[in-house]
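The values are calculated or read from the model by the stated rules, or taken from the named source; none is laboratory data. In this text the structure is predicted, and so the values were computed from the model without any measurement. As a convention, Cβ positions derive from the backbone with ideal geometry for all residues, glycine included, and neighbour counts pool all protein chains shown.
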Amino acid sequence: MSSSLYSPASKHATGSLDRRTFLKGLGAATALPWLAPRAAAVSVATPATHNIVTANIRVALPEDEATGNGWKGRRELCADVILRQKPDIICLQEVLREQASDLQASWPDHAMLGFAGPEMDAHATGYHGIAKNPIFYSRARYELTAAGGFWLSETPHLPGSLSWGTARARHVNWVRLKARDSGREMRVLSTHLDHQSQPAREKQMALILAEAALYPADFPQLLAGDLNARVDNPVCKLVAQAGWTDSYAEVRGAAGDGFTVHGFKGPAYERPDGRLPAGRIDFIFSRGAVQPTAAEIIRDGRDGRYPSDHYFVSAQIALT
């Protein structure tokens, strides 16, 4: 397996020596010029706000077909539920190649970055391949100024690398976007932490936070994804200690925040012990000159069916 499929020639507008030194060792600055332009988007957020959605769409698994939850049966619903939020930016998790292609076709007004790259896993089906965390953004609203990604391991420059007992290779993608109307820039990251190892989750998040901290403290950044950890988990405490704000808690308060994993059952979902599930594991965090103004757990379905085994999460933010 060669890492040469990830180009080292990414742009970095920050340009500081500390950041260049970090990224030289990290190997994180991978250019992502994969898609041809499509039609222009129509943004519905006001010029002062930006609509963000994070969505774990669940990988396309053959076993889900038997239960009526296969990707072919829910792909249109998934695309529609997300698009109904009128998002400027969409951060996805658990995306396989087929799913990425389907969503590209469904959202022609959005560009996609962060899927294409080396297929490094020895297994060709299921979660392998690898399921990725692409970011879609409105072509009309933003200009892409930089993009990259790195693997959440001790060798983040090495595609598919694993460390700290992680069950699967995990990574983060990021884009740096400039609003065409105001010229303001923000950075958006999409990630999915390990689902089994708590030490791995903490190390993975620490790596993300260390890289993000190389930007000025007031530079607007959004971190979205499935952390496989709830608000009382040390992973979320690391995020808060690093100066990030949980957009949902900021807007709605910490109490009664609901849950986001529901096993395709929606509000009828119960844990195996019969209790209601605990809170959110899907988040949109912000850091820097960002103010969350709205937030929601998206519980939309159709005829008792849901677009994923996760509820999606949205936030509206203003750059301050």
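Annotation note: of Asp246, Asp309, the sole residue that is closer than 25 Å to Gln198 by Cβ, under 19 Å from the mean Cα position of the chain (by Cα) and surrounded by 20 or more Cβ atoms within 10 Å (Cβ to Cβ) is Asp246. Among residues of segment 58-75 that are touching a residue at least 12 places away in the same chain (Cβ under 8 Å), those with a beta-carbon under 6 Å from a residue that is part of a helix (DSSP H, G or I) at least six positions away or on a different chain give the pairs Ala60/Trp71; Ala60/Glu98; Ala60/Gln99; Arg75/Asp102. Can you find a residue in segment 131-140 that is modelled with pLDDT under 95, in a strand (DSSP E or B) and in contact with a His (Cβ under 8 Å, 6 or more places away or on another chain)? Yes - at least one qualifying residue is present in segment 131-140.
As for segment 260-273, it holds no residue that is crowded, with 20+ Cβ neighbours inside 10 Å and within 30 Å of Arg184 (Cα to Cα). Residue under question is Ala179, and the condition is that it be modelled with pLDDT of 95 or more and of a type in the set (A, V, I, L, M, F, W, C); does it hold? Criteria met by Ala179.
The lone criterion from (1) touching a Pro at 6+ places or on another chain (Cβ under 8 Å); (2) among the aliphatic types (A, V, I, L, M); (3) under 23 Å from Ala79 (Cβ atoms) left unmet by Ala295 is number (1).
Listed here are the residues, each with its yes/no results for (1) of a type in the set (A, V, I, L, M, F, W, C); (2) buried (at least 18 other Cβ atoms within 10 Å of the Cβ); (3) free of Cβ contacts under 8 Å to residues at least 12 places away in the same chain.
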site: Ala131; (1), (2), (3): yes, yes, no
site: Pro134; (1), (2), (3): no, yes, no
site: Ser138; (1), (2), (3): no, yes, no
site: Arg141; (1), (2), (3): no, yes, no
site: Thr145; (1), (2), (3): no, no, no
site: Leu152; (1), (2), (3): yes, yes, no
site: His157; (1), (2), (3): no, yes, no
site: Ala167; (1), (2), (3): yes, no, no
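Scanning segment 155-176 for residues being of a type in the set (D, E, K, R) and at pLDDT 95 or above gives a total of 1. Count of segment 251-307 residues, restricted to those that are without any contact (Cβ under 8 Å) to a residue 40 or more places away in the chain and part of a helix (DSSP H, G or I), is 2.
Here the condition is being crowded, with 21+ Cβ neighbours inside 10 Å, under 16 Å from Tyr142 (Cβ atoms) and either over 15 Å from the mean Cα position of the chain (by Cα) or at pLDDT 95 or above (or both); of Leu222, Leu227, it holds for Leu222 alone.
Screening Ala200 on (1) within 16 Å of the chain's Cα centre (by Cα); (2) more than 22 Å from Ile317 (Cα to Cα); (3) hydrophobic (A, V, I, L, M, F, W, C); (4) modelled with pLDDT of 95 or more shows it passes everything except condition (1). Evaluated against (1) buried (at least 20 other Cβ atoms within 10 Å of the Cβ); (2) farther than 21 Å from Met112 by Cβ; (3) among the aromatic types (Phe, Trp, Tyr), Tyr215 falls short on exactly one condition, (1).
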